[in-house]
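Trainee: I am attaching a structure below and will ask some questions about it afterwards.
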Amino acid sequence: MALRFGLAQGNATVGDMRANAECAAQMMADAKEKQVDFLVFPELCLCGYPPEDLLHKPKFAADNDAVLETLLPASEGITAVVGLAHGHEGACYNAAAVLSDGKLDAIYQKGQLPNYGVFDEKRYFSAGQVPVIVEQGGLRIAITICEDIWDVDWLDAFLAGQKSNLDLIVNLSASPFHLGKMQQRQKVLADCARHFNCAVAYCNLVGGQDELVFDGRSMMVDCTGNVVIQAKEFAEDICIVDLERKADQLKILPVTDSHADEQHDEVFEVHEALVLGMRDYVRKNGFSKVAIGLSGGIDSALVAAIAVEALGKDNVVGLTMPSRFNTDETRSDAKALADNLGIEFHTVPIAETLDAFSGTLGALNGWDEKGLAFENLQARIRGTILMSYSNQFGWLILTTGNKSETAVGYSTLYGDTAGGFAVIKDVPKTLVYRLCRFINDRAGREVIPETTITRPPSAELRPDQKDSDSLPDYDLLDAILKNYVELDHSVDELIAAGFPEDEVRRVIRLVDRNEYKRRQSPPGIKITPRAFGKDRRMPITNRYNP
């Protein structure tokens, strides 16, 4: 007897349970048209992931259960495993409901609750204690959720007497993207498959949720750990296989196309994550247009190019706000970029406003136009202009600071940090350059002006200013930041690794001193293994010497 089996990776919106259920019902209908018998959805797909403190609202879990009831008719003629937050006996569980032929057959409660990085599940959920095994089409199928399979020894003990003669372990997941995550997942799935000598089917969420991006790439591996089929990356998809037990072996025959052979480098993956993360943040929060301050520099150029890919050129507005310190070259590059992208573009000079502000501040004894305060005043005027347009026209303002600048505080609070979404907040400067090259190469033309890419970076807040006046070269800076921020290496370890001691101490001092700025900056898309924010939570008042 054969079982047609599917993995349905959908794009859920946190809290929009009815829309999420409608999406699941439509995917069930699509699967039934393809004669699918057993369909698996991602973790918490009914309420979206992560719901965070919505889970502390007494009605939230009850609303999940109520919406689940509305899905029962959609399960006529199919078995579906759906993720939800489930309330039971005063506790809340990260759960998977097994629906079959219009009825609720079982509810599995997640046993392993991750509590590291961006995960806070012990804050919200109780751990399940009872395995759920589903028998269908002559196959024995164990239901698990995400972290349950990351510790095979725990899972082995949890399944105990149920693990014999297992044909398939199903895993509902909401695993956010970061560079290198795909390789981690494949290893986890392969280890689990080999340990239990059975196939493993993994269904991952897709879409953007605040700073997280879920990349999909649901997959099935056979008992040897080899990937048999993989769904699309960064897009909704249903992948389908036929399962049939022949003697002691489970045959897995792909029905839909597999995307497992589509190998992409990290620049492609980051680009796709940024596009999806921006699109979903803008649309799920009810905005139709975004605006960006275009300086003629590389960071704002990258953000504008990503915005056009995510939202379309008609929904992106560029504003250049030159002062007397902006060169003709950067002004022309801003205009050229806007023309290349085909976006609405406005020039709003700030020279007179700057003079008026400076004149007003001159009433205070000691004010001058020679120091950092005057430089930052320009950025704050630009931030005020952008936020005023946001209030007037309903545009979402995209900030343009990268991870390197965010790390060391090379930004102006209430200036270039003013906005609603920091698209490249987790993108190191060296990767910014690679992304710009990627965009031009893929387009086969100069989308981002070549002079923007090759010109030495500058904030242009004083004559002849260069980033290198204040910071180490970005190759060195990014290497130090990766080791300190992402890998938690100490000063001694960095020096022992060959980094210049004076630069190590300077960079670490800047990182630690600027936590207060990061706390007041908008959210941005996570693309590295350790981003600022949920991944790395440091006290502002802090005298620890690393």
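Read the figures in this text as sums done on the coordinates, not as results from a lab. All values reported here derive from a predicted model rather than from experimental measurement. Please note: Cβ atoms are built from the backbone with ideal geometry, for glycine as well, and neighbour counts cover all protein chains shown.
Trainee: Once the cut-off is 19 Å, how many percent of the Cα-Cα pairs in the range 446-544 end up in the long-distance tail?
Mentor: Numbers: 2700 of 4851 pairs.
Summing the P(r) tail past 19 Å for the range 446-544 gives 56 percent.
Trainee: Using square roots of five times the C-alpha gyration tensor eigenvalues, list the equivalent-ellipsoid semi-axes of the chain in whole Å, biggest first.
Mentor: On the way: eigenvalues 452, 118, 97 Å².
Value: 48, 24, 22 Å, ordered largest first.
Trainee: Go through 209-215, 284-290, 235-241 and give me the packing order, highest mean Cβ count within 10 Å leading. Numbers along the way, then the final one.
Mentor: Details: 209-215: 24.4, 284-290: 16.3, 235-241: 20.7.
Result, highest mean first: 209-215, 235-241, 284-290.
Trainee: If the chain between Thr70 and Arg543 were fully stretched, how many nm would it gain, using 0.36 nm times the residue separation less the Cα-Cα distance? List each step's numbers first, then the result.
Mentor: On the way: separation 473, 0.36 × 473 = 170.28 nm, distance 5.42 nm.
Between Thr70 and Arg543, full extension yields 164.9 nm more.
Trainee: Using the 2.2 N^0.38 Å rule of thumb for compact globular proteins, work out how the range 1-143 stacks up: its C-alpha Rg over that value, please. Before the final figure, lay out the partial values.
Mentor: Values: Rg = 14.7 Å, N = 143, 2.2 N^0.38 = 14.5 Å.
My calculation over the Cα atoms of the range 1-143 gives 1.01.
Trainee: Something else: Farthest toward the dipole's positive end in the range 1-76, which of Ala19, Pro51, Leu72, given Cβ charges of +1 (Lys, Arg) and -1 (Asp, Glu) about the Cα centre?
Mentor: Leu72
Trainee: Quick one: work out Rg over Rh on the C-alpha atoms of the range 2-262, Rh as Kirkwood radius.
Mentor: On the way: Rg = 16.5 Å, Rh = 17.9 Å.
Across the range 2-262, the Cα-based Rg/Rh ratio is 0.93.
Trainee: Among the listed pairs Lys59/Lys517; Lys34/Lys187; Lys34/Lys425; Lys251/Lys526; Lys284/Lys370, which are separated by more than 32 Å between their Cα atoms?
Mentor: Details: Lys59/Lys517 36 Å; Lys34/Lys187 30 Å; Lys34/Lys425 42 Å; Lys251/Lys526 38 Å; Lys284/Lys370 44 Å.
Beyond 32 Å: Lys59/Lys517; Lys34/Lys425; Lys251/Lys526; Lys284/Lys370.
Trainee: Would you mind ranking Phe438, Phe41 so that the residue whose beta carbon has the fewest other beta carbons within 10 Å leads the list?
Mentor: Working: Phe438 17, Phe41 30.
Ordered by Cβ neighbours within 10 Å, fewest first: Phe438, Phe41.
Trainee: Counting DSSP beta bridges with both partners in the range 2-262, what percentage is antiparallel, nearest 5?
Mentor: Details: 46 of 63 bridges.
In the range 2-262, approximately 75 percent of DSSP beta bridges are antiparallel ones.
Trainee: Could I ask something else about it? What FRET efficiency would be calculated for the residue pair Arg513, Lys34, taking the C-beta separation as r and a Förster radius of 35 Å, to the nearest 0.05? Write out the running numbers ahead of the final one.
Mentor: Values: r = 57 Å, r/R0 = 1.64.
Step by step, r from the Cβ atoms, then E = 0.05.
Trainee: Can you find, among Leu99, Pro254, Ala127, the residue farthest towards the positive end of the dipole of the chain? Put +1 on the C-beta of Lys and Arg, -1 on that of Asp and Glu.
Mentor: Ala127
Trainee: Quick check for me: using +1 on Lys/Arg Cβ and -1 on Asp/Glu Cβ, what's the dipole size of the range 267-467 about its Cα centre, in debye to the nearest 20? Can you show the working numbers first?
Mentor: On the way: 21 positive and 25 negative charges, 81 e Å.
With Lys and Arg at +1 and Asp and Glu at -1, about 400 debye.
Trainee: I need the calculated FRET efficiency for the pair Leu104 and Gln392, taking r as the beta carbon distance and R₀ as 51 Å, to the nearest 0.05.
Mentor: On the way: r = 50 Å, r/R0 = 0.99.
Efficiency computed from Cβ-Cβ geometry: 0.50.
Trainee: If you take the alpha carbon radius of gyration of the range 267-467 and divide it by 2.2 N^0.38 Å, what ratio comes out, to two decimals? Before the final figure, lay out the partial values.
Mentor: On the way: Rg = 16.4 Å, N = 201, 2.2 N^0.38 = 16.5 Å.
Working it through for the range 267-467, the quotient is 1.00.
Trainee: Taking the Cα centre of the chain as the origin, how large is its charge dipole in debye, to the nearest 20, when only Lys and Arg (+1) and Asp and Glu (-1) carry charge on their Cβ atoms? Kindly include the intermediate steps, with their values, before the conclusion.
Mentor: Numbers: 56 positive and 79 negative charges, 158 e Å.
Approximately 760 debye in magnitude.
Trainee: Using +1 at the Cβ of each Lys and Arg and -1 at the Cβ of each Asp and Glu in the range 267-467, identify which of Gly409, Gly419, Leu337 lies farthest towards the dipole's positive end.
Mentor: Gly419
Trainee: Based only on Cα atoms, what Rg/Rh ratio does the range 87-189 have, Rh being taken as Kirkwood's radius? Mind dumping the intermediate values first?
Mentor: Details: Rg = 14.4 Å, Rh = 14.9 Å.
Result: Rg/Rh = 0.97.
Trainee: Charges at C-beta only: +1 for Lys and Arg, -1 for Asp and Glu. How large is the resulting dipole of the range 2-262 about its Cα centre, in Debye rounded to 20? The partial results should precede the final answer.
Mentor: Details: 21 positive and 38 negative charges, 82 e Å.
Using Cβ point charges on Lys, Arg, Asp and Glu, the range 2-262 gives about 400 debye.
Trainee: Hey, quick one: spin label on Asp261, modelled 7 Å out along Cα-Cβ, who in the range 198-232 has an amide N within reach, i.e. under 15 Å?
Mentor: From the range 198-232, the list is 227-231.
Trainee: Give the peptides 217-223, 421-427 in descending order of average Cβ contacts within 10 Å, highest first.
Mentor: Details: 217-223: 24.6, 421-427: 27.1.
Sorting 217-223, 421-427 by mean packing, highest first, produces 421-427, 217-223.
Trainee: Looking at the chain, send over the antiparallel percent of its DSSP beta bridges, to the nearest 5.
Mentor: Details: 46 of 78 bridges.
Restricted to the chain, the bridges split so that about 60 percent are antiparallel.
Trainee: What fraction of the DSSP beta bridges in the range 104-229 is antiparallel, stated in percent and rounded to the nearest 5? If you can, show how the numbers build up before the last one.
Mentor: Working: 14 of 25 bridges.
Of all bridge pairs located within the range 104-229, approximately 55 percent are antiparallel.
Trainee: What ranking do Val275, Val14 get, fewest neighbouring Cβ atoms within 10 angstrom at the top? Could the numbers behind the result be given before it?
Mentor: Values: Val275 22, Val14 18.
The fewest-first ordering by Cβ neighbours comes to Val14, Val275.
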